[in-house]
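See structure below.
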Amino acid sequence: MNSDDFSVISAKKQTNDKNLDLFLRPQNFEEYYGQEKIKENLKILIEAAQKRKEALEHILLYGPAGIGKTSLAHIIAKSTGANLKITSGPAIEKVGDLASILTNLVDGDILFIDEIHRLNKLVEEILYPAMEDYVLDIIIGKGPSAKTLQLNLSRFTLIGATTRIGLLSSPFRSRFGVTHRLDFYNDGDIEKILNRSSKILNIKTEKSGIETIAKCSRKTPRVANRLLKRVRDYAEVKRNGIIQEQTAKEALKMLEIDEIGLEPADKRLLKIIIDKFNGGPVGLQALSAASSEEIDTIEDIYEPFLMQIGFIARTPRGRVATEHAYKHLGIKYDNKKQNILL
Ligand code: ADP
């Protein structure tokens, strides 16, 4: 298979995963499992705004990919009866793009900007007065004859989502009235999500089968749903169509996913830190060069989960593979050396 074939397959897989996201998206707070504190806070925020007949405050949601940020924005819009306009940081290239989005909003609309850390600076600055005073400052012309035109905007709510809160400037962050960090899920909540998805997809499951998938889901709903679908395929083709414990184990083994959800790419990254960099510390750039993975991919996809399970630690001098990582990979941990490096 050449690399073109691979990119076609992965593009197709991404579309399939997107469709799966749409299909399985929770429709209301009851179907949105976990994140209890955040839900509670948002419900109060919504009710208070409704009582005062005001637009909701701007909300910033951050957390790893597939953790439920977009789903939450949909639910907030549904609960308030607002229209939801969806865009993303990279899609708004020019100030004019943002101006046309903002001027088309009506009172109460919710604008959802995914990957908001990828907005360019000029666009970001246009957002400041829009968020604060619902006005749009447009500069017409250039040089001494340039004039600023101010347009009034409707009272909208901005919901921003990001995997990288650290990349947002503090003036930008401070313009959101509410900021929530979405955490990884516990196995129990992932099981609830899997049970709901099984019902929607009409998949027969056993409790132990669901528990097996949940343990390998990287504590992330999107991963759980994706695995459920893959295991279903295996169960239908190779077994009796029911997701039982043994079937789930066999399917996950075939997908090269281990009992805690690590994929070959995670292990490769850990092994590079251990073998090539003596366990670390290693800077992101060096790690990216050695692994041929993009820095963004390491930071957005691999690292959050590996840090969450305590396999990678961040130190001022770079990333370090921890003793847990060595143990899991069956590599002897040289305690003394690590202590010196840390
Ligand atoms: P993000 O925007 O953080 O990348 P999404 O909101 O797109 O994540 O979530 C991916 C998918 O995972 C959703 O389509 C939905 O099926 C599922 N999902 C996410 N969070 C939850 C949740 N709390 N309860 C149920 N399903 C969820």
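When CYS216 is tested against (1) free of Cβ contacts under 8 Å to residues at least 40 places away in the same chain; (2) within 20 Å of the chain's Cα centre (by Cα); (3) more than 21 Å from LYS18 (Cβ to Cβ), just one condition goes unmet, and that condition is (1). Would you please name the residue that is farthest from PRO90 (Cα to Cα), looking only at residues in region 140-162 that are of a type in the set (S, T, N, Q) and open to solvent by 40 Å² or more (accessible area, probe 1.4 Å)? Applying the filter and picking the extreme gives SER145. Which members of region 18-49 meet the condition of being open to solvent by 30 Å² or more (accessible area, probe 1.4 Å) and either acidic (Asp, Glu) or modelled with pLDDT under 95 (or both)? The answer is LYS18, ASN19, ASP21, LEU22, PHE23, GLU30, GLU31, GLU36, GLU40, GLU47. Can you work out which of the residues in region 52-98 that are within 17 Å of the chain's Cα centre (by Cα) and assigned to a loop (DSSP other than H, G, I, E, B) is surrounded by the fewest Cβ atoms within 10 Å (Cβ to Cβ)? This residue is ALA65. The residues in region 163-193 that are assigned to a helix (DSSP H, G or I), crowded, with 18+ Cβ neighbours inside 10 Å and within 18 Å of the chain's Cα centre (by Cα) can be counted, and the count is 3. For region 198-222, filtering for residues that are in a helix (DSSP H, G or I) and near the ligand (Cβ under 10 Å from one of its atoms) leaves 3.
Any chance region 220-243 includes a residue that's within 27 Å of PHE23 (Cβ to Cβ), surrounded by fewer than 17 Cβ atoms within 10 Å (Cβ to Cβ) and among the hydrophobic types (A, V, I, L, M, F, W, C)? Scanning region 220-243 turns up at least one residue that is within 27 Å of PHE23 (Cβ to Cβ), surrounded by fewer than 17 Cβ atoms within 10 Å (Cβ to Cβ) and among the hydrophobic types (A, V, I, L, M, F, W, C).
Checked against (1) in contact (Cβ under 8 Å) with a residue 24 or more places away in the chain; (2) open to solvent by 50 Å² or more (accessible area, probe 1.4 Å); (3) of a type in the set (D, E, K, R); (4) assigned to a helix (DSSP H, G or I), GLU124 passes all but condition (2).
Here are some residues: ALA82, ALA77, ALA91. Which one is within 30 Å of TYR185 (Cβ to Cβ), free of Cβ contacts under 8 Å to residues at least 24 places away in the same chain and either touching a helix residue (DSSP H, G or I) at 6+ places or on another chain (Cβ under 7 Å) or not β-branched (Val, Ile, Thr) (or both)? That would be ALA91, the only listed residue that is within 30 Å of TYR185 (Cβ to Cβ), free of Cβ contacts under 8 Å to residues at least 24 places away in the same chain and either touching a helix residue (DSSP H, G or I) at 6+ places or on another chain (Cβ under 7 Å) or not β-branched (Val, Ile, Thr) (or both). Taking the condition of being out of contact with any His (no Cβ under 6 Å at 6 or more places or on another chain) and touching a residue at least 40 places away in the same chain (Cβ under 8 Å), how many residues in region 43-71 meet it? Qualifying residue count, region 43-71: 18. Would you say GLU31 is more than 13 Å from the ligand (Cβ to nearest atom) and within 23 Å of the chain's Cα centre (by Cα)? Considered against the rule, which asks whether it is more than 13 Å from the ligand (Cβ to nearest atom) and within 23 Å of the chain's Cα centre (by Cα), GLU31 comes out as no. Go through region 125-144 and give me each residue that's of a type in the set (A, V, I, L, M) and touching a Pro at 6+ places or on another chain (Cβ under 9 Å). Residues satisfying the conditions are VAL135, LEU136.
Got a sec? Which of ASN225, ASN195, ASN186 is within 12 Å of the ligand (Cβ to nearest atom), at pLDDT 95 or above and over 17 Å from LEU24 (Cα atoms)? Break it down stepwise before answering.
On the way: ASN225 fails: over 17 Å from LEU24 (Cα atoms); ASN195 fails: over 17 Å from LEU24 (Cα atoms).
Result of the check over ASN225, ASN195, ASN186: ASN186.
The sole residue among ILE273, ILE213 that is closer than 25 Å to SER71 by Cβ, buried (at least 16 other Cβ atoms within 10 Å of the Cβ) and either in the same structural domain as THR70 (by TED's automatic domain parsing) or of a type in the set (A, V, I, L, M, F, W, C) (or both) is ILE213.
The values are calculated or read from the model by the stated rules, or taken from the named source; none is laboratory data. These numbers were taken from a predicted model, which means no experiment stands behind them. Positions of Cβ are backbone-derived with ideal geometry, glycine not excepted, and every protein chain shown enters the neighbour counts. SASA here: full protein model, heavy atoms, side chains in, ligands and nucleic acids out. Shrake-Rupley method; radii C 1.70, N 1.55, O 1.52, S 1.80 Å.
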